Amino acid sequence: MDYTKLAEIFSFAPVSAVEVGKHLYWTIGSYKLHGQVFIVSWLVIAILITIAFIGTRKLDKIPGKWQNFMEFILEFLQDIAKNQIGEHEYRSWVPYIATIFLFILGSNWAGALIPWKLIHLPEGELAAPTNDINTTVALSLLTSMAYFYAGLSKNGLGYFMRYIEPTPVLLPINILEDFTKPLSLSFRLFGNILADELVVSVFTLLVPILIPLPVMILGLFASSIQALIFSTLSAAYIGEAMEGHGDH
């Protein structure tokens, strides 16, 4: 094997080309669509919409089990937004934070709970959308656009004063921070979910009966924590952007 050539390939490969294993691609014109990400993402969205519809189609003053469950989820997500963004500004951001949390949680759990390997495709295999770097980068870029929008809508052009505070010497570092935020969000989520799926796959191949079960349970817990971290940091970045720089 020519290791020099291999090193050159990896050194010039774009981030979007990072992948592990075989993947299903659909070609539409000159574009390649990640088929397995598209399928599982829409499956997760359909499940979330179905649960939301069932839980809210008949609201009573004395809530039943489903309504209680939905109210608990809503209050939990409202608390995330309120604690990070602030009591006066958080309400308009609850839909975004809730959507990010529920989609990531649903995607992570879909990868951990559903035996995708039993479904045979022409090429590649189905897996959690969040074990694809393109998905996690897209989610982190959404958060970046959200906190820029939040800062500019609240403070106007005064938002950019944050780049030269407390001293203009920190301008390069403050600009660099806007690049490191989406990078850390995307690679943290991608790395953890991919690692979890690889560990479960290895244990399943070695000891296919009982040993993988506790690892899968641990994976569910880790998947939930990753969804919580991503949504909490997203809310924190939005709250930070909305601080009153324009009042200085």
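The values are calculated or read from the model by the stated rules, or taken from the named source; none is laboratory data. Nothing here was measured: the structure is a model prediction, and the numbers come from that model. Note that each Cβ is placed from the backbone with ideal geometry, even for glycine, and that neighbours are counted across all protein chains shown. SASA here: full protein model, heavy atoms, side chains in, ligands and nucleic acids out. Shrake-Rupley method; radii C 1.70, N 1.55, O 1.52, S 1.80 Å.
What the table shows:
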| quantity | calculated |
| --- | --- |
| Considering residues of the stretch 205-219 that are without any contact (Cβ under 8 Å) to a residue 24 or more places away in the chain and in a helix (DSSP H, G or I) only, the residue most open to solvent (accessible area, probe 1.4 Å) | L205 |
| Residues of the stretch 40-85 that turn out to be under 17 Å from I100 (Cα atoms) and either outside any helix (DSSP H, G or I) or among the charged types (D, E, K, R) (or both), as a count | 3 |
| Selection from the stretch 136-183 of residues that are modelled with pLDDT of 90 or more, open to solvent by 30 Å² or more (accessible area, probe 1.4 Å) and either within 23 Å of G106 (Cβ to Cβ) or not in a helix (DSSP H, G or I) (or both) | V137, A138, L141, L142, M145 |
| Looking only at the stretch 120-172, and only at residues there that are of a type in the set (G, A, S) and free of Cβ contacts under 8 Å to residues at least 12 places away in the same chain, the one that is farthest from A236 (Cα to Cα) | A138 |
| Residue within the stretch 188-204 that is without any contact (Cβ under 8 Å) to a residue 24 or more places away in the chain, open to solvent by 50 Å² or more (accessible area, probe 1.4 Å) and not in a helix (DSSP H, G or I) present | no |
| Matching residues, the stretch 184-210, being modelled with pLDDT of 85 or more and more than 14 Å from Y237 (Cα to Cα) | S186, F187, R188, L189, F190, G191, N192, I193 |
| V20 within 12 Å of D132 (Cβ to Cβ), modelled with pLDDT under 75 and either open to solvent by 100 Å² or more (accessible area, probe 1.4 Å) or not charged (D, E, K, R) (or both) | yes |
| Top-ranked residue in the stretch 164-189 [being of a type outside the set (A, V, I, L, M, F, W, C) and more than 27 Å from the chain's Cα centre (by Cα); ranked as nearest to A138 (Cα to Cα)] | P172 |
| Where a residue in the stretch 74-100 is without any contact (Cβ under 8 Å) to a residue 12 or more places away in the chain and its partner, wherever it lies, is open to solvent by 80 Å² or more (accessible area, probe 1.4 Å), with Cβ under 9 Å and at least six apart | K82/R91 |
| Test: residue in the stretch 105-118 that is farther than 24 Å from S201 by Cα, without any contact (Cβ under 8 Å) to a residue 60 or more places away in the chain and part of a helix (DSSP H, G or I) | no |
